[in-house]
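Structure first, commentary second.
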Amino acid sequence: MAPEPDRITGFVLVVAAVAAVAGILFGFDTGVISGAILFINEEFSLTSVMTEVAVSAVLMGAIIGALFGGPLSDRVGRRSSILAASLIFIAGTFVVVLSPIFSLFIVGRILIGIAIGVASFVAPLYISEIAPEHIRGALVSLNQLLITIGILIAYGVNYYFAAAGDWRAMFLAGVIPGTVLLVGMFLMPRSPRWLVFMNRPGDAGKVLQKIRGTADVSDELGEIEKSVRTEGRGTWSDLFAPAVRLPLLLGVGLAVLQQATGINTVIYYAPTIFQFAGLAEATASIAATVGIGVVNVLVTLVAIRLVDRAGRRPLLLWSLAGMGIAMLLLGIGFALESGGAGGAAVSLGQVTAVSLIVYVAAFALGLGPIFWLLIAEIYPLSVRGLAMSLATVTNWAANFLIAATFLSLVNLIGESGVFLLYALVALLAWLFVFKLVPETKGLSLEQIEAYFRSRKRPGG
Ligand code: BGC
């Protein structure tokens, strides 16, 4: 008979899909501000500093949410944390939509950020703890798929309400996925691994029976209980224990690298980059930006198909190679243009479009989904919430720093300098992955934990 974790039930797919709706909240709020900001500017007559605050308030909220989300998800559980996040998200959205003054708008955006900070990692965490191991990569990456779909939905919503200049309606649309997540998660079970962690193995067994579709879940339950017994309950200082040191370095390192390779300068500033490249018409650069959003979704689907077959490492290495080459091309294109090679057969606009599309495709194939997947797999249960929280705080803080410095960096070292810098970071990231990231496909979370303790693969 096949071991229980190999079984795929319709129920486990539904549970993963519902939790992944958290990704829509993440993506929607990443994308919506770019369309709304013009009108917000007008209504509240913002200075450029105030505009920056309006754009980055969500990121600051996300840093706070990610920090508290770890202890929260260990204490009240994964499911309750996602429920709390969806409530805060809906409340924050109403504060934004109804805000008569700018300061209230900022409060609402920070609330939304807090919710996203929590949900951004508790959703992948929850999915990884309920997923059968041989499709865990695909199920956890559903969250990334819905991030990319959320970004695309935001572009659509922005476009739809732009004619009327109705920025409040743009934000209000977020209530729909927020409510789907709230009601959906209410109906979902708790994480069986968290239940064992809370010393409730009986309840954990019942959940496992339901999600695995079999009465005999004793092997899986036994493995989880064993790992909880060996590890106990972790605190922040346990993050520095020898067995956690490498996973900690991997999580924090990949968090920085996922952002420092420049993805959000493309997501947030694609129209601006196209304008740098001479695509003056706003409609053309917006069409090109939507194209990037579509590629992001489609290639994430490809990654979902491949991640449990090819494995995490090859996808990450191909991804980083592609991103690096695309940034190199972009950097060279801009350098030639400013060097006066303007009359070349291929225009800078075309080079820019091709490079950005290759870049986003390469990101979606690996670094996008696999960062969130790996941080949901590599930590021992005893410190999983805290360690993921730390990696996620790092990711949001890096997101904030890169977004905040992009335009000043362009002023300082020019467009080509910035893109070449991102290419260099991609090279460093490739070496980091090549040297340090182990393959986790097909292993149970408990086997991964044992690997980091002994540095030996099961059976190897
Ligand atoms: C990253 C986000 C990014 C998104 C784009 C996510 O994995 O964490 O910062 O905006 O991918 O698809």
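What the table shows:
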| quantity | calculated |
| --- | --- |
| Among 308-320, 132-144, the order from most to least packed when residues are scored by Cβ within 10 Å on average | 132-144, 308-320 |
| Long-range lysine pairs (8 or more apart or interchain), the chain, Cα under 21 Å | 4 |
| Charge dipole of the stretch 206-322 about the Cα centre (unit charges at C-beta), most positive-ward option of 273, 243, 263 | 243 |
| Carbon + sulfur, % of accessible area of the stretch 24-78 - ligands and nucleic acids excluded, 1.4 Å | 70 |
| Cα gyration tensor, the stretch 270-327 - rounded (a/c under 1.5), prolate or oblate | oblate |
| Solvent-accessible heavy-atom area per residue, rounded to whole Å², over the chain at 1.4 Å | 39 |
| On Cα atoms only, tilt of 348-365 relative to the major axis of the chain in degrees | 10 |
| Cα shape, the stretch 143-266, gyration tensor, a/c 1.5 rule | oblate |
| C-alpha long axis of helix 136-162 to longest principal axis of the chain, angle in ° | 30 |
| On Cα atoms only, tilt of 201-212 relative to the major axis of the chain in degrees | 60 |
| Highest-first arrangement of 113-124, 182-193, where packing means the average Cβ count within 10 Å | 113-124, 182-193 |
| Radius 15 Å from Cβ of residue 364, net charge of other residues (Lys, Arg +1; Asp, Glu -1) | +2 |
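The values are calculated or read from the model by the stated rules, or taken from the named source; none is laboratory data. Because the structure is predicted, anything quoted here is derived from the model rather than measured. FYI the Cβ positions are ideal-geometry reconstructions off the backbone, even for glycines, and counts take in every protein chain you see. All accessible areas refer to the heavy atoms of the entire protein, side chains included, with ligands and DNA or RNA removed. Shrake-Rupley method; radii C 1.70, N 1.55, O 1.52, S 1.80 Å.
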